[in-house]
Amino acid sequence: MTDTVQQVAVVYGVVRITLLSGDTLAVPRALFRLHPLKVSDTVDVEAYWQKCAKDEYTLGMEKAVRALTARERTQKELERSLLRAGYRPDTTRRIVDYLAERRYVDDERYAMQLVQVRQRKHSARRIAQSMQQKGIARETVEAVLEQHVTEDVQQELLDDLARKYLRRHPDIKTPQERQKAIASLVRRGFSYDMAREALQKAQAQKEQD
């Protein structure tokens, strides 16, 4: 079924083509340069996409490879990047699947690198939240944390945070002040019991000093 181009505009790097029917096509800018349309052109939308399909895949793959060359990304991050650039969902999925099958994009590898960088500064819960926000599957998050986040490192981090809190607030006397201190540690991603015990230990060490 044919339609007529009413407007062509570039919005955030994506070419938006408004048709007489009211439908809108979103075309990656690089692809539009190869397959341009102008106002008043008659277009068969299905035929247009069929004509563009090979170039869309090639350009999308090139964009994905450039993104991965710049830095490690998760599958979801790569998918979002391609969709924002105007690549269609089915094309995007094919590209991401191809790269994932060959481990050019690897969520488990990304998660392991994130743990190595953050486990001495962030709780396991915070690290897990960060992974999930980046679209890493829950089972992958849990497996990586179990294998690579040690209890000793996490306890050392919590103890250090408790000592730092006491240096900033040396006179904790009332129950309200104690609860505020514990809450501060809980917000860093540790359980209430762990935070309470770490605070007690830090206070005992401070008194001995």
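Bear in mind that the values in this text are calculations on the coordinates, not laboratory data. Just so it is clear, the structure is predicted and the values come from calculations on it, not from any experiment.
Below 8 Å between Cα atoms, with a sequence gap of 6+, how large is the relative contact order for the chain in percent? Can you show the working numbers first?
Details: 234 pairs, mean separation 29.4, N = 209.
Relative contact order of the chain: 14 percent.
Under a Gaussian network description of the chain, with springs only between Cα atoms under 10 Å, the residue in K63, K180, K134 that fluctuates furthest is K180. The C-alpha radius of gyration of region 2-101, expressed as a fraction of 2.2 N^0.38 Å, stands at 1.12.
Relative to the current alpha-carbon distance between A204 and V117, full extension at 0.36 nm per residue lengthens the span by 28.2 nm.
Just subtract the alpha-carbon distance of H148 and T2 from 0.36 nm times their residue separation and send over the number in nm, one decimal.
On the way: separation 146, 0.36 × 146 = 52.56 nm, distance 5.68 nm.
Difference between extended and current length: 46.9 nm.
Shape analysis of region 40-93 places it in the prolate category; the axes a ≥ b ≥ c from the Cα gyration tensor give an a/c of at least 1.5, with a/b above b/c.
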